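The values are calculated or read from the model by the stated rules, or taken from the named source; none is laboratory data. Model, not experiment: these values are computed from the prediction. With ideal geometry, Cβ positions are generated from the backbone for all residues, glycine too; neighbour counts draw on all protein chains shown. Surface areas here come from the heavy atoms of the whole protein model, side chains and all, with no ligands, DNA or RNA. Shrake-Rupley method; radii C 1.70, N 1.55, O 1.52, S 1.80 Å.
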Amino acid sequence: VLDASSLSFNTRLKWFAICFVCGIFFSVLGTGLLWLPGGIKLFAVFYTFGNLAALASTCFLMGPVKQLKKMFETTRLLATIIMLLCFIFTLCA
């Protein structure tokens, strides 16, 4: 992975941390907005965005292609499908 990208390991680590912290922040923000009147829509958007950001943060460590290959391995396929369906169902709620 390090040979395929021009980003140094320190840069990858910094962007991983930034993306992961943003993901946690948006997830917590979405949960807090759930208690506002009509906040279910805001919850769905912010919570899903936060989870996607936290999940995408690992792309900086291992690369997006390797991450997708690992996610769709036969041992992890069911968990990946359930996770993606939960994202969709959260947005549809």
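Assorted remarks:
- 3J(HN,Hα) couplings calculated from phi for region 75-84 with the Karplus curve 6.51 cos²θ - 1.76 cosθ + 1.60 (θ = phi - 60°) are, in sequence order, 6, 10, 4, 4, 5, 5, 5, 4, 4, 5 Hz; Gly and Pro show x.
- Computed FRET value (nearest 0.05) for Lys70 with Cys92, which takes r as the C-beta separation and R₀ as 25 Å: 0.40
- Per residue Cα convex hull volume in Å³ - calculated over region 5-91: 84
- Surface exposure of the chain, expressed per residue as accessible area with a 1.4 Å probe, stands at 71 Å².
- Surface composition of the chain: carbon plus sulfur atoms contribute 77% of the solvent-accessible area (1.4 Å probe, protein chains only, all chains present).
- Straight-distance crosslink candidates among lysines, where the alpha carbon sits under 27 Å from Lys14 and sequence neighbours closer than 8 are dropped: Lys66, Lys69, Lys70
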